[in-house]
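First, the structure itself, so that you have it in front of you.
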Amino acid sequence: MSQHPTNDLPTIQEVKLDRRGFLRKAGVVGAALPVAGGMIAAACYDDPSGQKLEPTGVPASDVKPNPNPATQPGTPEAVSEEWKKIDADHQAGVVNFLKNQKEALTEGRGNVPLEPRIENGVKVWDLTVDEVDWEVSPGQVEKARGYNKMIPGPILRGTVGDRVRINVTNNLEHSTAVHWHGIYVPNNMDGVPFVTQEPIQPGASFTYEFTLRNSGSHMYHSHHDSADQVNRGLLGAFIIEPADKSAYPKYDREVVLIMNDSLLGFTLNGKGFPATDAIVAKKGERLLVRWMNEGMMYHPMHLHGMAMEVFERDGYPVNPPYKCDNMDVPPGSRYDCIIECFEAGLWAFHCHVLSHAENSAGFFGLVTVLAVEDENFKVADILSRVEALDVPDPRLRVAAAGATAGQDIAASAKGKGAFTLWCETQV
Ligand SMILES: [Cu+2]
């Protein structure tokens, strides 16, 4: 493979990896990923019993120094081959990430808004709790659990003052219950088995009903066998808008980013790089990011090139707001921030526990980019350099410039909206 200037995007023609080629290169099929001398326990997907023997992911303590540090270079020939392979694998990962913005590399999509139906003035949602085979990254299919068969579950959204009802039907072979994380509810609606309610047994249903009182970026998740159930995907966002938005920060686009770790690996909205969504904005726009950590680890999320201005934590105002570029989101917390997108380009956006984001095979897990477009820099131009899709595909995720208000992939592909289908435009 020829070399490229480091500031240039990959010459796509040289990295025409089909999925199988990608999987072989990245080594993610039922195999452990080498991590600088350590191993990611990416294995244990193949256990025929379906049992998860050990969590995936890499405890920081297990990450060993590079096996070939400068003081122990190995044979000149080996080193020469090694850097080429590392470069090629990193490049292939980025190319696959870009391809994923055109056509999803993985099956399944979560974190999709679910409109309520209105019954006598009550906003009503139906949630099922299901076993799902979930493709986290290309070829990495996990025995997972999801609300309405997606991870994260659908985004529920209401306004302070709304009366809401959520009908939960448990299709698992285990009991479960739903906790409304951060939301003011009457005690018997809090969703904690044997504390506030009986478990929702297999095949049973339970109806939660309450009035929304406190605004903010909240969550819902299982509160039963939760280290397993939440980690396996039983989680979702519940956004409560303030009744009066006059004091709320102004923004042009919004994105909900939910982190998870361990049993499904490191995921952003249920997917690991290269299957993660890029975030796209136009220069000059204000992007609202609602960070939520449903995992069991801290994830300091680092944005290159620009700052995040934190104005709410767990739905409570942060006064005065503060700026940072490395936001440590603890398990269970939600941080809302505004990014002023003042510099065009592709900006890496990743967890800075580096063992959650990169190894010698390239990026994985908690990695995406913030793409800021201006008159000279268009995402579509970059993607046109990625191996083109010749035929329109219902799963096509990028068409032309413009914003969409929804996240319906098929509808977005037909419309003018492009590359922004997971960013909502403020109404
Ligand atoms: Cu992390």
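Quick note: the coordinates plus some simple rules give every number you see, no bench work behind them. Being a predicted model, the structure only gives us computed values, none of them experimental. Glycine also receives a Cβ, built like all others from the backbone with ideal geometry; neighbour counts cover every protein chain displayed.
³J(HN,Hα) across segment 245-252 via Karplus (A = 6.51, B = -1.76, C = 1.60, θ = phi - 60°), whole Hz, x for Gly/Pro?
Those phi angles translate into 8, 5, 8, 7, x, 7, 8, 9 Hz.
If you take every residue apart from Val160 with its C-beta less than 11 Å away from the C-beta of Val160, what net charge results, scoring Lys and Arg +1 and Asp and Glu -1?
Around Val160, the surrounding residues sum to -1.
Could you list, in their original order, any pairs among Lys85/Lys143; Lys149/Lys245; Lys99/Lys271; Lys250/Lys271 whose Cα atoms are separated by more than 22 Å?
With Cα atoms farther than 22 Å apart: Lys85/Lys143; Lys149/Lys245; Lys250/Lys271.
Oh, and also: What are the ³J(HN,Hα) couplings of segment 154-165, residue after residue, when phi is run through the Karplus curve with 6.51, -1.76, 1.60 and θ = phi - 60°? Round to Hz, x for glycine and proline.
My calculation for segment 154-165 gives x, 6, 9, 9, x, 10, 3, x, 5, 8, 10, 9 Hz in order.
Starting from the Cα-Cα distance between Lys85 and Glu241, subtract it from 0.36 nm times their residue separation and give me the gain in nm to one decimal.
So the extension gain works out to 51.3 nm.
Also, quick follow-up: What whole number of Å gives the distance from the Cα centroid of segment 121-192 to the Cα centroid of segment 297-338?
Distance between centres, Cα-based: 25 Å.
Can you tell me, using C-alpha contacts under 8 Å and at least 6 residues apart, the relative contact order of segment 117-241 as a whole percent?
Result for segment 117-241 is 30 percent.
OK, next. Which order do the peptides 225-233, 320-328, 301-309, 362-370 come out in when sorted by mean C-beta neighbours inside 10 angstrom, highest first?
The peptides rank, most packed first, as 362-370, 225-233, 301-309, 320-328.
Show me the ranking of peptides 123-134, 287-298 by mean Cβ neighbours inside 10 Å, starting with the highest.
Listed from highest to lowest mean packing, they are 287-298, 123-134.
Taking amide H atoms as placed 1.01 Å from N in the peptide plane, list the residues 5 or more away in sequence, or in a different chain, whose amide H sits under 5 Å from that of Gly110.
Here Ile151 satisfy the definition.
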